[in-house]
Amino acid sequence: MIEIIQLLINGILLGSILALGAVGATMIFGVLRFAHFAHGDFMAIGAYFALTVVTVFNLPVLAALPVAMLLTGGLAILIDQVVYRRIRRVQPVILLIASFATALVLRSFIQMVWGSSNQVYQVGIQLPWRIGPFTLKPDHLLIFAAAAGLVLIVHLFLSRTRMGKAMRAMSDNMDLALVTGIPANRVIMWTWAIGGALAAAAGVFLGMDTRLHPVMGWTLLLPIFAATILGGIGRPYGAILGGLVIGCAMELSTLVIPGAYKPAVAFAIMVATLVFRPQGIIKGNA
Amino acid sequence: MDMAGLSAYAVFFLSLVGIYAIMALGLNMQWGMTGQFNIGIAGFFAVGAYTTAILTSAPAESRVGGFDLPFLVGLAGSVIACIPVAWLVGRITARLRTDYLAIATIGIAEIIRLFFVNESWLSNGTRGIPGIEKPFGLGNNGYLLIIIAFVALAWLLVEIARRSPWGRVLRAIRDNEPATAAAGKDIARFRLQAFITGSCLMALGGGLYAHFVGFVSPEAFRPLYGTFLVWVMLIAGGSGNNLGAMLGALVVWLIWSSTEMIAGLVPTALIGSESAFRVFLIGVLLQIILVSRPQGLLPEKRPPMPGEKR
């Protein structure tokens with residue numbers, strides 16, 4: 001029982017990282033109608049931006065977080081304007097291939113600039129807190145709090161601002177939204193900015209929890225897509241729920257199968273969703 | 001470089017072009033003709049390479065096999081082992097949208113890689129399987145002829161398929177799915193057939209590769225080499241065009257090999273890692289092709305209808 005609760009704590013931690021990635025992926029999927037394969041590498045490059053801020057200015061990680069989010073959001077807009085915008089009208093699948101190329105370009109860029117070995121934000125061991133039979137690292141609490149804060153900000157943005165409502169409208173029904181005169185290009189730019197920034201936050205948290213590595217984001221891409229599909233394409237709230245479910249399922253699965261197969265669990269849930277409820281928990285535009 | 005060295009390099013170069021050409025033809029069957037977005041090429045490649053490695057290598061204590069079987073049995077095993085894997089993936093995803101197929105195939109490829117890394121009773125784990133011999137005691141030169149023979153065979157098969165009524169149905173599905181369904185075609189079945197055929201070609205490429213390098217390990221099946229280069233080849237050559245797929249394999253492998261030279265010219269301090277720089281260049285190249293010439297070097301041509309004059 002104690003083991004299960006400990007795994008659940010780890011699962012919620014992984015789940016909040018996945019949720020942040022999945023919210024961006026699902027918005028991009030909803031508004032632009034394609035699975036963005038470079039999303040994991042946005043996470044990685046965000047984490048490395050933060051690493052540079054941490055090492056150059058000697059700041060704590062949380063202070064570097066906004067800088068990393070801003071830079072990654074800007075990078076996402078830049079990539080969209082240079083590459084994706086030109087092929088948006090051709091075919092969604094061409095965008096998919098282009099995003100695959102973007103993923104590799106970003107990853108090799110990381111290897112060229114920061115090297116391909118493991119890195120950490122802070123050297124040294126952080127003593128975990130012992131609360132009864134459970135262990136919790138101070139970093140974990142920070143990640144929970146920061147992730148919850150970001151989710152709240154996204155919620156307020158989507159529900160209270162004109163741009164957030166326009167974004168949801170475009171994701172719900174593109175034609176209807178365009179007819180009502182929503183500025184499509186601005187919505188798309190905002191979508192990239194928010195998707196990139198949230199991915200960067202997820203990457204920084206992942207780097208705090210484990211370590212930085214050029215393929216750190218790529219390995220989480222599959223669980224993120226699983227969360228996106230489970231939550232319903234284009235549904236940010238579904239993506240948060242999906243991320244938490246997938247995170248907990250991946251951690252709990254280590255009770256019965258070897259830990260190396262965690263991605264397979266996410267994949268199995270995704271396939272089950274596609275077969276039995278392709279629209280997701282919260283009905284998305286499948 | 002002297003003449004002998006040059007010709008040895010040419011043989012090495014052409015062998016890999018041939019192996020990639022077979023995989024590009026397989027992808028052309030899936031993407032070029034049917035519009036199925038498979039980015040799990042590395043997975044099918046790995047299944048092919050490992051199957052023949054286990055079947056034909058000498059017996060080893062640390063894992064199942066090897067069975068010391070002949071080359072052609074090993075290759076046949078590669079193709080046959082791929083069928084159930086491809087059937088499973090195709091069956092799950094045949095009715096789904098392209099995006100979902102893409103995500104599912106990348107998942108399958110990752111799981112296949114994890115499987116070969118972790119199940120060392122079968123694959124010898126990260127140490128890989130060494131000692132996969134070339135057939136009939138051939139050297140690199142002789143083996144190149146075998147590869148060329150298989151490329152010719154693969155091309156003949158996909159070209160016949162492309163001109164056949166079956167190929168017409170695939171293109172119809174790609175271009176207008178509802179109309180094809182209205183014409184009474186079982187779309188899921190045709191898609192499944194095309195997916196399995198294409199995947200088997202990829203497994204064949206994997207089998208030929210294993211015998212060419214003599215060693216397989218999970219490292220060789222990262223998404224880059226297995227999947228990405230094949231995609232660049234098909235898109236650059238012209239998807240839908242079988243000659244284009246093979247031309248793309250030649251051109252892209254030439255560019256990929258020459259990036260090694262470019263990377264050698266730029267000081268390492270500037271680019272950090274040579275291999276990363278090469279990937280960077282090839283990624284940028286793909287973006288440029290997609291933006292400027294999405295139809296590729298040899299655009300798709302519709303085969304003549306029966307009885308139609310050329």
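What number of residues in segment B:267-298 are away from chain A (no Cβ under 14 Å) and assigned to a helix (DSSP H, G or I)? Even if it seems obvious, please write down each step before you answer.
Taking segment B:267-298 first, the residues away from chain A (no Cβ under 14 Å) are B:297-298.
If we keep only those that are assigned to a helix (DSSP H, G or I) too, we end up with none.
Of the residues in that region, 0 qualify.
Within segment A:240-264, restricting attention to residues that are modelled with pLDDT under 90 and among the aliphatic types (A, V, I, L, M), which residue is surrounded by the fewest Cβ atoms within 10 Å (Cβ to Cβ)?
Among those residues, the one meeting the criterion is A:256.
Within segment B:86-100, which residues are within 14 Å of chain A (Cβ to nearest Cβ) and either at pLDDT 80 or above or assigned to a helix (DSSP H, G or I) (or both)?
Filtering segment B:86-100 down to residues within 14 Å of chain A (Cβ to nearest Cβ) leaves B:88-100.
Across segment B:86-100, the qualifying residues are B:88, B:89, B:90, B:91, B:92, B:93, B:98, B:99, B:100.
Given the condition within 14 Å of chain A (Cβ to nearest Cβ) and either within 24 Å of residue B:192 (Cβ to Cβ) or not small (Gly, Ala, Ser) (or both), answer yes or no: does some residue in segment B:42-61 qualify?
Of segment B:42-61, the ones within 14 Å of chain A (Cβ to nearest Cβ) are B:42-43.
Checking which are either within 24 Å of residue B:192 (Cβ to Cβ) or not small (Gly, Ala, Ser) (or both) leaves us with B:42-43.
Yes: one or more hits.
Looking for something more than 14 Å from chain A (Cβ to nearest Cβ), farther than 21 Å from residue B:73 by Cα and either in contact (Cβ under 8 Å) with a residue 40 or more places away in the chain or hydroxyl-bearing (Ser, Thr, Tyr) (or both) - is there at least one such residue anywhere in segment B:195-214? Write out each step before concluding.
So in segment B:195-214, the residues more than 14 Å from chain A (Cβ to nearest Cβ) come out as B:195-214.
Those left that are additionally farther than 21 Å from residue B:73 by Cα: B:195.
From the residues that got through so far, the ones that are either in contact (Cβ under 8 Å) with a residue 40 or more places away in the chain or hydroxyl-bearing (Ser, Thr, Tyr) (or both) too are B:195.
Yes, that holds for at least one residue.
Residue B:117 is checked against (1) under 15 Å from residue B:202 (Cα atoms); (2) within 11 Å of another protein chain (Cβ to nearest Cβ) and fails just one. What number does that condition carry?
For residue B:117, the exception is condition (1).
List the number of the failed condition for residue B:84; all other conditions in (1) over 17 Å from residue A:272 (Cα atoms); (2) in contact (Cβ under 8 Å) with a residue 40 or more places away in the chain hold.
The number of the failed condition is (2).
With respect to residue B:166, is the statement that it is in contact with a helix residue (DSSP H, G or I) (Cβ under 8 Å, 6 or more places away or on another chain), part of a helix (DSSP H, G or I) and more than 30 Å from residue A:99 (Cβ to Cβ) true? Spell out how you get there, then give the answer.
Values: in contact with a helix residue (DSSP H, G or I) (Cβ under 8 Å, 6 or more places away or on another chain): yes; part of a helix (DSSP H, G or I): yes; more than 30 Å from residue A:99 (Cβ to Cβ): yes.
In short, yes.
Quick check on this structure: which one of A:186, A:160, A:107 is of a type in the set (D, E, K, R) and without any contact (Cβ under 8 Å) to a residue 12 or more places away in the chain?
Numbers: A:186 fails: without any contact (Cβ under 8 Å) to a residue 12 or more places away in the chain; A:107 fails: without any contact (Cβ under 8 Å) to a residue 12 or more places away in the chain.
Within the list A:186, A:160, A:107, the selection yields A:160.
Of all the helices (runs of 4 or more DSSP H) wholly in segment A:1-120, which have at least 3 residues that are within 14 Å of chain B (Cβ to nearest Cβ) and within 28 Å of residue B:279 (Cα to Cα)?
Numbers: elements: A:2-32, A:39-57, A:61-79, A:92-114.
Ranges flagged: A:2-32, A:39-57, A:92-114.
Output yes when any residue across segment B:256-266 is modelled with pLDDT of 85 or more, away from chain A (no Cβ under 14 Å) and surrounded by fewer than 20 Cβ atoms within 10 Å (Cβ to Cβ), and no when none is. If you could, list the steps in order and put the result at the bottom.
To start, the set of residues in segment B:256-266 that are modelled with pLDDT of 85 or more comprises none.
Among the residues of segment B:256-266, not one is modelled with pLDDT of 85 or more, away from chain A (no Cβ under 14 Å) and surrounded by fewer than 20 Cβ atoms within 10 Å (Cβ to Cβ), which makes the answer no.
Considering (1) within 14 Å of chain B (Cβ to nearest Cβ); (2) surrounded by fewer than 19 Cβ atoms within 10 Å (Cβ to Cβ); (3) not aliphatic (A, V, I, L, M), say which one residue A:139 fails and leave the rest.
Of (1) within 14 Å of chain B (Cβ to nearest Cβ); (2) surrounded by fewer than 19 Cβ atoms within 10 Å (Cβ to Cβ); (3) not aliphatic (A, V, I, L, M), only one is false for residue A:139: (1).
Have a look at B:112, B:39, B:103 and point out the one that is without any contact (Cβ under 8 Å) to a residue 60 or more places away in the chain and either within 10 Å of chain A (Cβ to nearest Cβ) or buried (at least 20 other Cβ atoms within 10 Å of the Cβ) (or both).
Working: B:112 fails: without any contact (Cβ under 8 Å) to a residue 60 or more places away in the chain; B:39 fails: without any contact (Cβ under 8 Å) to a residue 60 or more places away in the chain.
It is B:103.
May I ask you to say which residue of A:145, A:193, A:169 is in a helix (DSSP H, G or I) and crowded, with 19+ Cβ neighbours inside 10 Å?
Exactly one residue qualifies, and that residue is A:193.
When you look at residue B:30, is it polar (S, T, N, Q), within 14 Å of chain A (Cβ to nearest Cβ) and part of a helix (DSSP H, G or I), yes or no? So that I can check it myself, show each step before the final result.
On the way: polar (S, T, N, Q): yes; within 14 Å of chain A (Cβ to nearest Cβ): yes; part of a helix (DSSP H, G or I): yes.
Yes; evaluated as a whole, the condition is true for this residue.
Here is a list of conditions, (1) on the phi < 0 side of the Ramachandran plot; (2) within 14 Å of chain A (Cβ to nearest Cβ), and residue B:81 meets all of them except one; can you say which number that is?
Every condition holds for residue B:81 apart from (2).
Checking residue A:221 against (1) at the interface with chain B (Cβ under 9 Å from one of its Cβ atoms); (2) part of a helix (DSSP H, G or I); (3) without any contact (Cβ under 8 Å) to a residue 60 or more places away in the chain: exactly one of these is not met. Which one?
Among (1) at the interface with chain B (Cβ under 9 Å from one of its Cβ atoms); (2) part of a helix (DSSP H, G or I); (3) without any contact (Cβ under 8 Å) to a residue 60 or more places away in the chain, the lone unmet condition for residue A:221 is (3).
Report, by residue number, each residue of segment A:248-284 that is more than 9 Å from chain B (Cβ to nearest Cβ), without any contact (Cβ under 8 Å) to a residue 60 or more places away in the chain and hydroxyl-bearing (Ser, Thr, Tyr).
Within segment A:248-284, A:253, A:273 qualify.
Do any residues in segment A:7-27 that are within 13 Å of residue A:227 (Cα to Cα) have Cβ atoms under 6 Å from those of residues that are part of a helix (DSSP H, G or I) and hydroxyl-bearing (Ser, Thr, Tyr), where the two are at least six apart or on different chains, and which pairs are they?
Listed by first residue and then by second, the contacts come to A:22/A:228; A:25/A:228; A:26/A:228; A:27/A:191.
Give the residue that is surrounded by the fewest Cβ atoms within 10 Å (Cβ to Cβ), with candidates limited to residues of segment B:229-249 that are among the aliphatic types (A, V, I, L, M) and farther than 18 Å from residue A:98 by Cα.
Within segment B:229-249, the match that is surrounded by the fewest Cβ atoms within 10 Å (Cβ to Cβ) is B:243.
Among the residues of segment A:64-121, what is the count of those that are more than 23 Å from residue A:216 (Cβ to Cβ) and among the polar types (S, T, N, Q)?
Residues meeting the conditions: 2.
Looking at this structure, is residue A:204 touching a Gly at 6+ places or on another chain (Cβ under 8 Å), more than 14 Å from chain B (Cβ to nearest Cβ) and in a helix (DSSP H, G or I)?
Details: touching a Gly at 6+ places or on another chain (Cβ under 8 Å): yes; more than 14 Å from chain B (Cβ to nearest Cβ): yes; in a helix (DSSP H, G or I): yes.
Here the answer is yes, as residue A:204 does meet what is asked.
Based on what the data block shows, is residue B:158 within 15 Å of the chain's Cα centre (by Cα) and within 14 Å of chain A (Cβ to nearest Cβ)?
On the way: within 15 Å of the chain's Cα centre (by Cα): yes; within 14 Å of chain A (Cβ to nearest Cβ): no.
It is false that residue B:158 is within 15 Å of the chain's Cα centre (by Cα) and within 14 Å of chain A (Cβ to nearest Cβ).
Which of the following residues is surrounded by fewer than 24 Cβ atoms within 10 Å (Cβ to Cβ) and either out of contact with any Phe, Trp or Tyr (no Cβ under 6 Å at 6 or more places or on another chain) or in a loop (DSSP other than H, G, I, E, B) (or both): B:65, B:48? Give the derivation first.
Working: B:48 fails: surrounded by fewer than 24 Cβ atoms within 10 Å (Cβ to Cβ).
Selected residue: B:65, the only one of B:65, B:48 that is surrounded by fewer than 24 Cβ atoms within 10 Å (Cβ to Cβ) and either out of contact with any Phe, Trp or Tyr (no Cβ under 6 Å at 6 or more places or on another chain) or in a loop (DSSP other than H, G, I, E, B) (or both).
The values are calculated or read from the model by the stated rules, or taken from the named source; none is laboratory data. None of the values given here were measured: they were computed from a predicted structure. Positions of Cβ are generated from backbone atoms using ideal geometry, with glycine treated the same way; all protein chains shown enter the neighbour counts.
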